[in-house]
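Heads up: the structure comes next, in structure tokens.
Derivation of every value follows stated rules applied to the coordinates shown; laboratory data play no part. Since this is a predicted model, take the numbers as computed values, not measurements. Note: ideal-geometry Cβ built from the backbone for every residue, glycine included; neighbour counts use all protein chains shown.
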Amino acid sequence: MSKSEADWCKKIEIWWLLRDIKKYGGYKHTTVSWGENGSRGSVSVQVSIWDDEKYARFIYTQTDNATGEKKDFDYKVPIVESPCHFGGTRHWFICTLSKNGQYCGRRVGVLYKDGDWFGCRHCYELTYSSRKVNKKYHLYPLLHTIELYDEIEKLSQKAKRQTYRGEPTKKQKKIERMYGEVFTNYKMFKIAENKLNTQTKGRNK
Ligand SMILES: [Zn+2]
């Protein structure tokens, strides 16, 4: 499979998917779409994190480009949580794809759909291009967030423990710092996005 650019794939970020789930008691049903008014497709997602079995259930129909045949998909992607040093928990998807007969099972913050299924960027061999992107580009904070999330993922898998003698470990401190950065960047993205929406509304008048 050729390397695709992650920025142009359909993707779902866990922090975005779970952002308002507490309001609904840990369960919600939502539609995620890409492109203007879902022109690049949409999927239905049921998310549940209130029970022991935490998951995102993806339901969608896909048309095969070559044969035009419609295929229905309905499957669950497990969600796991890990404790956060400063209290609370953070959530991760478990990638359920298999590559060359090997189950992936990676804990990831972002799922991509570059083929039929949602999976991690490692399985789809996606690359990021935020390094090539101008920092003033309105999507930069979002791309940077995804990169940070990826680094956090790697570090958390390497970090054997979160504390040592009651103090957060070096790795853990770095993870927490990157988390701070993730939220600042995500906020910047949201602000930029709101501005864009307002401008569009203004033009339509
Ligand atoms: Zn994977």
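Residue separation of M178 and E69 scaled by 0.36 nm, minus their Cα-Cα distance, works out to 34.8 nm of gained length. Provide the FRET efficiency to the nearest 0.05 for the Q102-W34 pair, computing r from the beta carbons and using R0 = 30 Å. Computed FRET efficiency for Q102 and W34 comes out at 0.55. For E151 and T89, the FRET efficiency from 1/(1 + (r/R0)^6), where r spans their Cβ atoms and R0 equals 22 Å, is about 0.65. By the beta-carbon count within 10 Å of each Cβ, the least crowded to most crowded order of H91, H144, H29, H122, fewest first, is H29, H122, H91, H144. Distance cut-off 30 Å, Cα to Cα: go down the list K76/K173; K76/K170; K76/K158; K22/K174; K23/K70; K10/K70 and report the pairs above it. The pairs that break the limit, which is 30 Å between Cα atoms, are K76/K173; K76/K170; K23/K70. Note on E53/I191: beta-carbon distance plugged into 1/(1 + (r/R0)^6) with R0 of 25 Å gives a FRET efficiency of 0.10. A simple spin-label model places the labels of H122 and A159 1.8 nm from each other, with each point 7 Å out along Cα-to-Cβ.
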